[in-house]
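Structure, as structure tokens:
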Amino acid sequence: MLKYSGLVTVALLAAVQGAFAQDLTLEEEPALSTEDATLLDLIVIKSATRTETPISEATVSVSVVTQDQIERQSTINNNIGDILSKTVPGFSPSTQSMTDYGQTLRGRNFLTLIDGVPQSSNLITNGRSLNSIGTTAIGQVEVIRGATAAYGFGAPGGLVNIITKKPEDGEFNANMSVGVKASPSSLTESFSYITELGATGSKNGFFYLANGSFEQTGASYNADGQRRPPDSYGTQGGKDDIMAYNVLGKLGYEHENHRIQVSVNRYQFWQDSDWSGAVTGGDRPTNSSATPAEGRLYANTPAMDNITVSANYLNDDFLGGTVDLQAYYNDNTTTFSQNAYVPVPFPPFSILFPQYKTESEKVGARATFDTPLPIDTFPLDLVWGVDFINENTQQVSIDNPTYAPEYELTGFAPFAQLSAKFLDERATLTGGLRFEHLSVDISDYTALNTTTFVPRSVKGGTLTFNEPLFNISGSFEINEMFTVFGGFAQGFQLGDLGRTLSDDNSFTDVAALQDEGKKTDSYEIGLRAFGDRWDASITGFYNESENGVTYDQSLNIVRSPEEIWGVEFTANYEVTDQIAVGGTATWMHGQFDTNNDGKVDSDLGSDRIPPLKLTAYAEYAPRDWATFRLQGLYSGSRNPDSTTAGAGFEPVDEYFIMDAFADFQINSKSKLTFGVENILNTDYVPVLNQSYSSLSTSPFVLNKDDQFWVKGPGMTFSAKYSLKF
């Protein structure tokens with residue numbers, strides 16, 4: 001900690017706008033016309049302050065992925081985790097699967113919301129929060145980089161707020177799209193398609209939106225032309241052979257200062273594959289990818305059913321300010337596959353891990369008040385309110401007895417945030433406090449010893465956590481071009497409580513976990529700059545926790561102090577009115593204390609700390625109706641220096657992937673987009689698969705049968721036609 005005290009001291013003394021480090025273009029569409037010069041002022045975000053704020057005035061590190069960008073990126077990959085990995089600094093490379101396990105934000109877990117409704121569980125991590133909604137329903141994604149208590153209840157690394165599409169002006173507007181995708185390795189087996197149909201309108205103050213989509217995916221193939229496992233071990237939740245639908249509905253009324261809206265979204269997918277047999281044949285030394293066998297190992301089809309309902313009331317003339325009230329409901333059932341078929345060194349024996357599902361139900365409410373304070377010296381603004389959540393979650397075994405308890409969490413959190421502008425509004429200072437009270441009721445249950453496989457009884461009880469969370473931040477505009485910023489913020493989460501109760505063999509009473517919560521302290525400092533045709537930002541960040549979560553060689557949970565630090569960089573340049581280039585860079589490092597002597601002494605695994613990540617794009621618009629784009633992602637090498645061996649700590653080799661797009665505006669209402677993912681047909685293994693490759697350490701996996709060594713998708717072609725009418 002001492003060797004980073006300089007960074008921390010500078011951040012606190014500067015008292016500059018914490019967490020702003022705004023990704024100025026956020027991989028936005030490049031400014032190819034003068035109309036885009038005010039883009040940052042036009043983009044409005046809500047995740048940073050819980051009140052609508054132009055992104056240029058945000059007081060946290062925020063990246064925004066717009067609807068246009070999502071529609072383009074989803075042409076080649078209809079997976080929000082993949083899209084964020086290619087567009088947001090600080091975000092880990094894609095796992096090339098349905099799971100977001102192994103994807104972190106600044107090295108830590110993040111909270112996922114849909115329109116402010118939490119999708120992540122405070123109790124059990126199911127790894128599906130990013131993929132709990134279809135991309136056709138998304139209007140914007142706001143990513144807060146760094147710990148934040150703005151929405152609270154589990155955001156140590158930041159939050160991802162998925163904003164659904166909004167109703168358009170006019171009595172009736174409709175849209176439709178059809179997209180197809182296939183691999184040249186097998187056009188018939190890989191053929192995938194997605195269709196969308198939507199309608200919006202407003203009249204006499206009433207407004208509505210209806211949007212529906214259906215998707216069916218085929219097989220994917222690596223650069224060698226081999227079929228990839230539909231659900232490979234280590235990245236459970238494949239994207240192949242899936243059928244999915246998403247239905248979004250909104251209805252509301254607006255009159256003078258009042259607005260009320262009800263929103264319902266349902267996303268469901270199921271994986272029905274004839275290639276869900278044993279995954280075998282992977283061999284890291286010879287770079288041979290693991291491949292699937294025909295058949296099915298699971299009893300129930302892997303699936304998800306996610307329902308999100310919210311009701312909002314907004315009054316923008318309440319006591320001289322605004323009030324925003326929300327009530328919500330979320331119900332999620334995720335069924336995992338039974339893909340872990342492990343041959344052991346004594347044929348014909350093997351280990352088949354049980355299949356299970358998670359069931360989680362949440363109800364909650366938020367009240368946010370934005371109250372300007374009448375002080376003549378300098379303007380003050382107070383944002384205050386309270387949050388409530390109740391969550392019931394359980395992990396249920398499908399084909400074996402259930403060795404996990406039922407959980408009920410009740411959370412209550414009042415908060416207040418005060419901000420001020422002074423020195424002719426060149427300086428901004430903001431600070432606040434959030435107090436989280438969490439109560440977790442855990443039933444008596446039977447646990448299974450993960451070493452001896454002998455059941456034992458565990459006494460349930462109630463765990464109570466009371467956590468004050470502070471933040472202070474500020475910014476100073478040096479001149480019209482440069483602004484310096486920085487600050488401090490805290491976040492809190494329960495620290496994978498469900499995994500601890502399932503896997504920890506050391507206790508028989510849940511009362512032993514009373515102090516198992518995890519508070520994260522985050523600091524950052526940086527510089528951002530604007531020019532007439534360019535923008536750039538650089539941010540240094542550091543975060544620490546006294547009770548971090550890692551896993552040992554046997555995937556048992558380990559808690560220890562940990563520290564993470566890194567740098568994020570963004571730059572964009574409009575070369576001419578037709579050409580724009582830009583990119584991002586993210587480097588981070590993290591260590592943890594293996595022997596609790598007060599000093600971090602071992603690197604964190606690559607499932608937490610990704611290698612150097614670089615993204616770049618070049619866009620060319622020779623005509624008003626044609627735009628061409630190349631984008632690339634480079635993931636560097638990493639070899640953790642750690643006394644811990646096994647899953648997450650294996651060496652990671654570098655790779656580079658390039659994508660290409662071509663947009664053609666046929667007329668004012670229709671557009672055709674072509675895309676090629678991995679246009680260079682790069683032969684690579686995703687970071688998470690490499691870091692989990694356990695050929696040299698696992699006593700269970702036979703030589704040349706590494707199930708983790710699964711190569712990523714090779715070249716894939718796609719096309720999409722969109723029509724508005």
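The values are calculated or read from the model by the stated rules, or taken from the named source; none is laboratory data. Only a predicted model underlies this, so the values are computations on that prediction, with no experimental measurement involved. As a convention, Cβ positions derive from the backbone with ideal geometry for all residues, glycine included, and neighbour counts pool all protein chains shown. When the accessible area is computed, the model is the full protein with side chains, heavy atoms only, and any ligands, DNA or RNA have been set aside. Shrake-Rupley method; radii C 1.70, N 1.55, O 1.52, S 1.80 Å.
Could you order the peptides 121-127, 477-483 from most to least packed, using the average number of other C-beta atoms within 10 Å per residue? Show your work: numbers first, answer last.
Numbers: 121-127: 23.4, 477-483: 13.1.
Final packing ranking: 121-127, 477-483.
Rolling a 1.4 angstrom probe over the protein chains, ignoring ligands and nucleic acids, what is the accessible area of V676 in square angstrom, nearest 10?
Ignoring ligands and nucleic acids, V676 comes out at about 20 Å².
If H255, H589, H437 are ordered by their accessible area, calculated over protein heavy atoms with a 1.4 Å probe, which sequence runs from highest to lowest?
On the way: H255 90, H589 40, H437 70 Å².
The most accessible residue leads, giving H255, H437, H589.
Which Cα, out of G152, G198, M176, lies furthest along the positive dipole direction of region 142-200 (beta carbon charges, K/R +1, D/E -1)?
G152
State whether region 54-196 is rounded, prolate or oblate according to the following rule on the C-alpha gyration tensor (a ≥ b ≥ c being the square roots of its eigenvalues): a/c under 1.5 gives rounded; otherwise a/b larger than b/c gives prolate, and the remaining case gives oblate. Before the final figure, lay out the partial values.
On the way: a/c = 1.96, a/b = 1.28, b/c = 1.54.
It comes out oblate by the Cα gyration axes.
Under the rule of at least 5 residues apart or a separate chain, name every residue whose amide H is placed under 5 Å from the amide H of V652.
When sequence neighbours closer than 5 places are left aside, the close amide H contacts are R638, N639.
Quick check: with the 1.4 Å probe, what order do R108, R426 take by accessible area, largest first?
On the way: R108 0, R426 95 Å².
From most accessible down to least: R426, R108.
Highest mean first, how do 222-232, 186-196 rank when packing is the count of other Cβ atoms within 10 Å averaged over residues? Don't skip to the answer; put the middle values down first.
Values: 222-232: 22.4, 186-196: 16.7.
In decreasing order of mean packing, 222-232, 186-196 become 222-232, 186-196.
Quick one: Karplus J couplings for region 591-606, per residue in order, coefficients 6.51, -1.76, 1.60, θ = phi - 60°, nearest Hz, x for Gly and Pro?
After applying 6.51 cos²θ - 1.76 cosθ + 1.60, I find 9, 9, 8, 7, 10, 6, 9, x, 10, 6, 9, 8, 5, 6, x, 7 Hz.
Counting only other residues whose beta carbon sits under 10 Å from that of I162, what net charge do I get with K and R as +1, D and E as -1? Provide the component values of the computation, followed by the final result.
Details: positive: none; negative: D115, E142.
Local net charge: -2.
How big is the dipole moment of region 71-178 about its Cα centre under a simple scheme where the beta carbon of each Lys and Arg is +1, that of each Asp and Glu is -1, and everything else is neutral? Debye, nearest 20, please.
Values: 8 positive and 8 negative charges, 95 e Å.
For region 71-178, the charge dipole is close to 460 debye.
Per residue of region 155-163, in order, report the coupling 6.51 cos²θ - 1.76 cosθ + 1.60 (Karplus, θ = phi - 60°) as ³J(HN,Hα) in whole Hz, putting x for Gly and Pro.
Values, residue by residue: 9, x, x, x, 9, 10, 9, 8, 9 Hz.
In whole Hz, with x marking every Gly and Pro, tabulate ³J(HN,Hα) for region 356-365 from phi via Karplus 6.51 cos²θ - 1.76 cosθ + 1.60, θ = phi - 60°.
Coupling constants for region 356-365: 8, 9, 10, 10, 9, 10, 10, 10, x, 8 Hz.
Report, in listed order, any pair from K86/K599; K357/K671; K613/K711; K166/K669; K613/K671 with a Cα-Cα distance greater than 29 Å.
Numbers: K86/K599 34 Å; K357/K671 41 Å; K613/K711 19 Å; K166/K669 19 Å; K613/K671 32 Å.
Long pairs (Cα-Cα over 29 Å): K86/K599; K357/K671; K613/K671.
At a probe radius of 1.4 Å, what is the per-residue accessible area of I538, in Å² to the nearest 10?
80
Please compute the net charge surrounding T716, taking Lys and Arg as +1 and Asp and Glu as -1 over other residues with Cβ under 9 Å from its Cβ.
Numbers: positive: K181; negative: E677.
Within the 9 Å Cβ shell, the charges total 0.
What's the magnitude of the charge dipole for region 424-477 around its Cα centre, counting Lys and Arg as +1 and Asp and Glu as -1 at the beta-carbon? Answer in Debye, nearest 20.
Numbers: 4 positive and 7 negative charges, 88 e Å.
Rounded to the nearest 20 debye, it is 420 debye.
Need one word for region 190-305: rounded, prolate or oblate. Basis is the Cα gyration tensor (sqrt eigenvalues a ≥ b ≥ c); a/c below 1.5 gives rounded, then a/b vs b/c decides. Can you show the working numbers first?
Values: a/c = 3.45, a/b = 3.19, b/c = 1.08.
Taking the square roots of the gyration eigenvalues as a ≥ b ≥ c, region 190-305 is prolate.
Determine the order of K165, K239, K669 by accessible area, beginning with the largest, at a probe radius of 1.4 Å. Could you put the intermediate results ahead of the total?
On the way: K165 20, K239 45, K669 115 Å².
Accessible-area ranking of K165, K239, K669, largest first: K669, K239, K165.
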